[in-house]
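Note sheet for the following structure.
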Amino acid sequence: MNEPTDNPYVREPDTQFRAADELTEAKAKEQVSQLREAIEYHDYRYYVENDPIVSDSAYDRLFDRLDALERLFGLRDEHSPTQRIGSETLDELETHEHVTEMLSLDSSEEETEVYDFSERVRDEVGGVTYSLEPKFDGFSVELVYADGTFNRAVTRGDGENGEDVSTNVKTIRTVPLQIPDAPEFLAVRAEVYMPHSGFQDLNQERVQEGKDPFANPRNAAAGTVRQLDPRIVADRPLDIYFYDVMDSSQAIETQAGVFELLSDLGFRINEYNRMADDIETFVSYREELLDERDELEYEIDGVVAKVNAFEKRDALGETARHPRWAFAYKFPPNTGETTVKRIAVQVGRTGRLTPVALLDPVDVSGVTISRATLHNEAQAQDLGVAEGATVEIERAGDVIPQVVSVTEAPDGTFEMPEQCPVCGSDVTKEGPNHFCTGGMSCDAQLTQSLEHFASREAMNIEGLGEEIADILVEAGVIESIADLYQLEKDELTTLEPFAEQSAENLLREIEASKNPDLASFLYALGIRHVGTERARLLAEYFSLDELETADATELKTVGDIGPEVATSIRSFFANDSNREMIHQLQQMGVTPERRERGDEFDGMALVFTGSIEDYSRTELTELMESHGASVTSSVSGETDYLVVGDDPGSTKLEQADESGVETIAAGDFKERFLSEIGALS
């Protein structure tokens, strides 16, 4: 991109502007045009060339001036640098046809097939020059420019049609929005990717918030580009490389000419692109990049050779799926050995801190692994795992990834932080585990506690899952569980994704939850070591007031409550914040009740297999046991009925047949038993 030398806002400009209200409209338009051109150039120097020529403060003044003039004189333009980040959430991504079909590449890991490709090319069109390029493992998009102005960006999709992701791609600072001296029409192909450092930062943030991390940078980039909210996209570290011209009003004859044009226009191209006269150089090129693969800031999974001259490409043609003038020489998959890039500390619902190794993504048994739980500080130290360590990964039981050994250890060892990485509260150690003392003042604990509180086995607030809990906490409308019962419709409808009806639905669910069974309420509080069964036992022995003051001795009189569980319960109710939260809930009208056990099914023994619509297994077990039945996990001669839902297990059916146990279909079970106790959904 050539420097706009006649522009006064380039090269550390004097930004002592005349007051905007002193400008005529004509002067304002002229200044806006110059500011846009200068900012696009400075973005290019900073993001593409990594060689800025003005200070950050000068850039900020230019940007602020442009923003002010556009607002004051009504000169907003969707292609202005001030409009990279859209403010409106999309309802869906529209489909758009590509300028030309975006084909995939023929590929192989076998060197012999590379030579077969070369021989076929030579036999059909004679000697050729090849363009050698990295094969990016990112997310392919088509970008179209009309008269030098960004028009649209479309995903590859099925090759003929893709999804319009223009608003999201515009947020990437290395994407030019205006291109001086560009061809009248230009369609280019590019790869959107997430740099390794940004990927690790994003995953660390997600882990600390209790969210699942992305499996690899490609998934992260693809999921981000297809977001419906461009503000989310703008907050994530995406970048882009341009590598092909799909169509242009300016004649181009070679791939070398493509790269020359892209570079001249200010598009970011890869530094490893080069030309070669023979296929042997391509094979060596692959070995070179394979050696450097782990040092790159972006994912590549091979290299590509393309016939340079377009005339010879036309002669070679294409198949229904692949161009016959290009070939990808793939890298072998990574083994189970990889590097620990970061150790993030995840904060769970109960405040427990868990170290999580964030890894360079590695293929293990066909599955990409990018994280491995280290359980606690002691395990990490025993293994010698620290940031920068080279480790061997395996999938325990072929499912759960874990670090089994350290093959190269850096200096230093992992130590749990003294303050919570989310809220900054002090961290305490209990046995081998560490806990945040922030309680629900910690956003990580609050978000997960809110989701748990609303779950079906707890307060059963339909529509309040992980996503909505995140939104409510991040927006600051929920700072305590009790705040849930003070939400108002006007407050909700200002938040995405709430509309008037969805806000009313959630408020109706919240109101309906105010009279819970005491056992469900105790489970909803999220007391460490108190699941649904222990909550039921506690509700049988204590009222809520009695439980708040019960000492360890009294608690241990309840079956299945040992010293550790008793200590946990006592600690929960001794915490001032927890007691205050319960009292606030009561003030909001939440009135848990002890519901007496019925005896309708006293002495009956049941086993469930398969799923029953509208009910979880835990709900059915609690429901039937609260009315006298005994629910077990396996069929025996003592079983009265095997209740058969959808996708039942064959073992239990065989056991029932062998033992002569009567089976009941889910619908009959509901009519015979649940209707009797008024429990039909």
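The values are calculated or read from the model by the stated rules, or taken from the named source; none is laboratory data. Remember, it's a predicted structure, so these values are computed and weren't measured experimentally. Cβ placement follows ideal geometry from the backbone for every residue including glycine, while neighbour counts extend to all protein chains displayed.
Considering 595, 579, which residue is modelled with pLDDT under 80 and either within 21 Å of residue 531 (Cα to Cα) or buried (at least 19 other Cβ atoms within 10 Å of the Cβ) (or both)?
On the way: 579 fails: modelled with pLDDT under 80.
Only one candidate passes the filter, namely 595.
Just to confirm my filter: which helices (runs of 4 or more DSSP H) fall fully inside region 528-568 and include at least 1 residues that are among the small types (Gly, Ala, Ser)?
Working: elements: 532-541, 544-549, 552-555.
The qualifying helices (runs of 4 or more DSSP H) are 532-541, 552-555.
Just give me the residues in region 264-280 being assigned to a helix (DSSP H, G or I) and surrounded by fewer than 15 Cβ atoms within 10 Å (Cβ to Cβ), in sequence order. I'd like the intermediate steps shown before the answer.
Applying the first criterion (assigned to a helix (DSSP H, G or I)) to region 264-280 yields 264, 279-280.
Of everything in region 264-280, those that are assigned to a helix (DSSP H, G or I) and surrounded by fewer than 15 Cβ atoms within 10 Å (Cβ to Cβ) turn out to be 264, 280.
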* Limited to region 657-681, what total is found for residues that are free of Cβ contacts under 8 Å to residues at least 24 places away in the same chain and farther than 13 Å from residue 623 by Cα? -> 11
* Quick one: count up the residues across region 538-592 that are more than 19 Å from residue 449 (Cβ to Cβ) and over 38 Å from the mean Cα position of the chain (by Cα). => 22
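Can you pull out every residue in region 351-372 that is of a type outside the set (Ser, Thr, Tyr) and either at positive phi or without any contact (Cβ under 8 Å) to a residue 24 or more places away in the chain (or both)?
Here is the first cut: in region 351-372, the ones of a type outside the set (Ser, Thr, Tyr) are 351-353, 355-364, 366-367, 369, 371-372.
351, 366 - these are the residues of region 351-372 that are of a type outside the set (Ser, Thr, Tyr) and either at positive phi or without any contact (Cβ under 8 Å) to a residue 24 or more places away in the chain (or both).
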* To do: Report yes if residue 285 is of a type outside the set (A, V, I, L, M, F, W, C), in the same structural domain as residue 112 (by TED's automatic domain parsing) and not in a helix (DSSP H, G or I), otherwise no.
  => no
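Out of everything in region 481-527 that is assigned to a loop (DSSP other than H, G, I, E, B) and closer than 21 Å to residue 545 by Cα, what residue ends up being nearest to the chain's Cα centre (by Cα)?
Residue satisfying both the conditions and the ranking: 526.
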* Structure fact -> Across (1) at pLDDT 90 or above; (2) in a strand (DSSP E or B); (3) over 23 Å from residue 291 (Cβ atoms), residue 371 clears everything bar (1)
* Asked: Can residue 462 be described as of a type outside the set (Lys, Arg), outside any helix (DSSP H, G or I) and in contact with a Phe, Trp or Tyr (Cβ under 8 Å, 6 or more places away or on another chain)?
  -> no
* Identify, by number, the condition in (1) more than 35 Å from the chain's Cα centre (by Cα); (2) crowded, with 19+ Cβ neighbours inside 10 Å that residue 535 doesn't meet. => (1)
* **Complete set of residues in region 311-329 that are over 39 Å from the mean Cα position of the chain (by Cα) and either surrounded by fewer than 16 Cβ atoms within 10 Å (Cβ to Cβ) or not hydrophobic (A, V, I, L, M, F, W, C) (or both)** => 311, 312, 313, 314, 315, 317
* Return a yes/no flag: does region 570-578 have any residue that is assigned to a helix (DSSP H, G or I) and in contact with a Gly (Cβ under 8 Å, 6 or more places away or on another chain). => yes
* Structure fact -> Residues in region 437-454 that are surrounded by fewer than 17 Cβ atoms within 10 Å (Cβ to Cβ) and either at pLDDT 90 or above or out of contact with any strand residue (DSSP E or B) (no Cβ under 8 Å at 6 or more places or on another chain) (or both) total 1
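Per-residue answers, yes or no, for (1) crowded, with 17+ Cβ neighbours inside 10 Å; (2) within 19 Å of residue 520 (Cα to Cα); (3) modelled with pLDDT of 85 or more:
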position: 608; (1), (2), (3): yes, no, yes
position: 616; (1), (2), (3): no, yes, no
position: 656; (1), (2), (3): yes, no, yes
position: 665; (1), (2), (3): no, no, yes
* Asked: If the Cβ limit is 7 Å and pairs must be 6+ apart or interchain, which residue in region 282-293 that is at pLDDT 95 or above pairs with which residue that is part of a helix (DSSP H, G or I)?
  -> 282/114; 283/111; 283/114
* To do: Examine region 207-215 for a residue that is without any contact (Cβ under 8 Å) to a residue 24 or more places away in the chain and in a helix (DSSP H, G or I), and state whether such a residue exists.
  => no
* **Matching residues in region 294-324 - criterion: being of a type outside the set (A, V, I, L, M) and assigned to a strand (DSSP E or B)** => 301, 302, 306, 318, 323
* Which members of region 18-71 meet the condition of being polar (S, T, N, Q), surrounded by fewer than 18 Cβ atoms within 10 Å (Cβ to Cβ) and in a helix (DSSP H, G or I)? -> 33, 57
* Asked: Of 639, 621, which residue is within 43 Å of the chain's Cα centre (by Cα), outside the structural domain of residue 456 (by TED's automatic domain parsing) and within 29 Å of residue 539 (Cβ to Cβ)?
  -> 621
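How many residues, within region 465-480, are crowded, with 17+ Cβ neighbours inside 10 Å and in a loop (DSSP other than H, G, I, E, B)? Quick ask: steps written out before the conclusion?
Here is the first cut: in region 465-480, the ones crowded, with 17+ Cβ neighbours inside 10 Å are 468-473, 477-478, 480.
The next check asks that each one be in a loop (DSSP other than H, G, I, E, B); those that pass are 477-478, 480.
Adding up the residues that qualify gives 3.
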